[in-house]
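**Student:** I have a structure I would like to understand better, so I am pasting it below and will then ask my questions one at a time.
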Amino acid sequence: MAKAKAKVTAKIKKKFWYPILAPKIFNNSKIGEIYLTEAAQATGRSFWHGLKDLSENMRDQNVYLCFKIKNTLNNSLNTEIIGYRLTPTSIKKMVRRNNDRSDDSFIVLTSDNRKVRIKTLILTAHKTKHSNSTRLKNAMIKKLTEEVKKINFGNLVDKLISHKLQMEIKKFLTKIYPVKAFQVKFMGLDREKIPGQEEPEEAVEEAVEEIKEEPKKTVKKAVKEVEEKVVKKTVEKVVEKEEKVPEEKAEKAAEELVEKEE
């Protein structure tokens, strides 16, 4: 009689909670936990975390930092900062009808040869000409590139968190033209896979606004077409009544009739 084969069951590995620590700039404070079988499995993962929770300052409530888990030490996960961003709602609150907005995105190089993608926002104090906006944009890119080249990536993060860099650039731009605000909307290492960088919330919001505006554009187009038809029919009526009237005079008379009807 054949012997029954013994059942082979896979061993279930136990999972544990591993603490995630912030970099030295935040005194290696705990910013979260992750549930894994081994701490090494978390290496390379990245996530966003609110700056207010670390600085305990209310003015930082609209700022988020991107942390990347770089290594493990004593069952704790050490991180480094690879990104910075403002919330789309905070940017939306800054913009007003009487201001001109200028958004830019470009790459700068730090003193430790790290390529950084920076997205900026300039708000003028009031409506301005395109030539002035171009002057501000070119001056800002040149100044920011020079300032970043003097410092390493860690110092760049420090200056953004403390708002020193933003204030320096705003002060510089105000000498060229009155500027209401200058902000760095996004900063991140160019080669890093930063969550949400491909589909930023701000881009989604702008797309939604365009969709909302589309019906308004369609209505305006339809009204214009109707107005053109009214003018054409009026011209035909005038020509029928007075065959001797020149076409130009007829068109002028038709326009006057449309104005009266309105």
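**Student:** If amide hydrogens are placed 1.01 Å from N in the peptide plane, which non-local residues have theirs closer than 5 Å to the one on Lys185?
**Tutor:** Lys119, Thr120, Leu121
**Student:** Given points 7 Å out from each Cα along the Cα-Cβ axis, report the Leu36 to Asn71 separation in nanometres with one decimal.
**Tutor:** Between Leu36 and Asn71, the simple spin-label model gives 1.5 nm.
**Student:** So for the pair Lys150, Glu168, with labels modelled 7 Å out along Cα→Cβ, what separation do we get in nm?
**Tutor:** 0.5
**Student:** List Ser111, Ser105 from most exposed to least, where exposure is judged by having the fewest other Cβ atoms within 10 Å. Mind showing how you got there, number by number?
**Tutor:** Values: Ser111 13, Ser105 10.
With the fewest neighbours first, Ser111, Ser105 line up as Ser105, Ser111.
**Student:** By average Cβ neighbour count within 10 Å, what is the ranking of 125-136, 66-77 from highest down?
**Tutor:** Values: 125-136: 12.9, 66-77: 16.4.
Descending packing order for the listed peptides: 66-77, 125-136.
**Student:** Let me ask another. Taking H placed 1.01 Å from N in the peptide plane, check which residues at least 5 places from Tyr177 or on another chain put their amide H under 5 Å from its amide H.
**Tutor:** Placed amide hydrogens put nothing under 5 Å from Tyr177.
**Student:** Lys and Arg at +1, Asp and Glu at -1: add these up for the other residues within a Cβ distance under 12 Å of Leu36 and post the number. Let's see the in-between values first.
**Tutor:** Details: positive: Lys13, Lys14, Lys15, Arg45; negative: Glu33, Glu38.
So the surrounding residues net to +2.
**Student:** Still on this structure, I have one more. Lys13 to Asp158: FRET efficiency via 1/(1 + (r/R0)^6), r the Cβ-Cβ distance, R0 30 Å, to the nearest 0.05? It would help to have the intermediate numbers written out before the result.
**Tutor:** Values: r = 40 Å, r/R0 = 1.34.
Efficiency at R0 = 30 Å is approximately 0.15.
**Student:** Hey, what do the phi angles of the range 182-195 turn into as Karplus ³J(HN,Hα) couplings, whole Hz, using 6.51/-1.76/1.60 and θ = phi - 60°, x for Gly and Pro?
**Tutor:** Computed from phi, the couplings for the range 182-195 are 10, 9, 9, 6, 8, 9, x, 5, 5, 8, 7, 8, 9, x Hz.
**Student:** Now a separate question. Calculate, in nm to one decimal, what Thr89 and Lys143 gain on full extension: separation in residues at 0.36 nm each, minus their alpha carbon distance. Could you put the intermediate results ahead of the total?
**Tutor:** Working: separation 54, 0.36 × 54 = 19.44 nm, distance 2.73 nm.
Full extension of this stretch gives 16.7 nm more.
**Student:** Okay, next question. What are the residues whose amide H is under 5 Å from the amide H of Gly32, where those residues sit 5 or more places off or on another chain and H is modelled from the backbone?
**Tutor:** For Gly32, whose amide H was placed from the backbone, the distant partners under 5 Å are Ile20.
Every read-out reported here was derived from the displayed coordinates using simple, explicitly stated rules and does not represent laboratory data. Fair warning: this is a prediction, and the values are worked out from it, not measured in the lab. Virtual Cβ from ideal backbone geometry, glycine too; neighbours counted across all protein chains shown.
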